[in-house]
1. For Asp45 and Ser65 in the same chain, what is the full-extension length gain: residue separation times 0.36 nm, less their Cα-Cα distance, in nm?
2. Compare the Cα positions of Ser112, Phe89, Ala40 along the charge dipole of the stretch 35-123 (+1 at Cβ of Lys, Arg; -1 at Cβ of Asp, Glu; about the Cα centre) and return the one farthest towards the positive end.
3. With r as the distance between the Cβ atoms of Thr57 and Asp27 and R0 = 41 Å, compute the FRET efficiency 1/(1 + (r/R0)^6) and round to 0.05.
4. Tell me, Thr48, Thr106 in order of fewest to most beta-carbon neighbours within 10 Å?
5. Rank the residues Tyr47, Tyr116 as a footprinting-exposure proxy: fewest other Cβ atoms within 10 Å of their Cβ go first.
6. Give the Cα extents of the stretch 35-123 along the principal axes, in whole Å, largest first.
Amino acid sequence: MKITFLIVFLLIGMQQTGTWNAPKEADKILNPVKDDANSAKAGADLYTTYCLMCHGTKGKGDGPSGVSLVPRPGNLLSDRNKQASDGSFFWKIKNGKAPMPAYPLTDNQRWSLVNYVRELQKNSGTSK
């Protein structure tokens, strides 16, 4: 049973190509969570639990589990992702898209993750 699930999961992932775009309406969703030390800590903890294995410690999409995924995890430090709206990130975290699951998080947790990704982007020296 586990092998069947894995094969189906991989086939779904291989069928996906191109960029992942949130719907335009997502750009209108505003972040209600203040970007402060509490949010940063909460976001960092959530990132370590849910995101690091695929997106890597710095958000480049090079985590130990992500290197074998098809499609590969997104580089959160790319110019494209730096220009994406907070609402777009929130929507993607909430809805997921194989191979990235939609984790069962509260809206506040999702916003803290968005705030943490923005911190990663601010602290990055590259945009590749």
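1. Full-extension gain reported as 5.4 nm.
2. Of the candidates, Phe89 comes out farthest on the positive side.
3. Once rounded, the FRET efficiency stands at 0.90.
4. So the residues, fewest neighbours to most, are Thr106, Thr48.
5. Fewest-to-most ranking of Tyr47, Tyr116: Tyr47, Tyr116.
6. Extents along the principal axes: 34, 28, 21 Å.
Only the coordinates and a few stated rules stand behind these numbers; no lab work does. Given the structure is predicted, the values throughout are model-derived calculations rather than measurements. Positions of Cβ are backbone-derived with ideal geometry, glycine not excepted, and every protein chain shown enters the neighbour counts.
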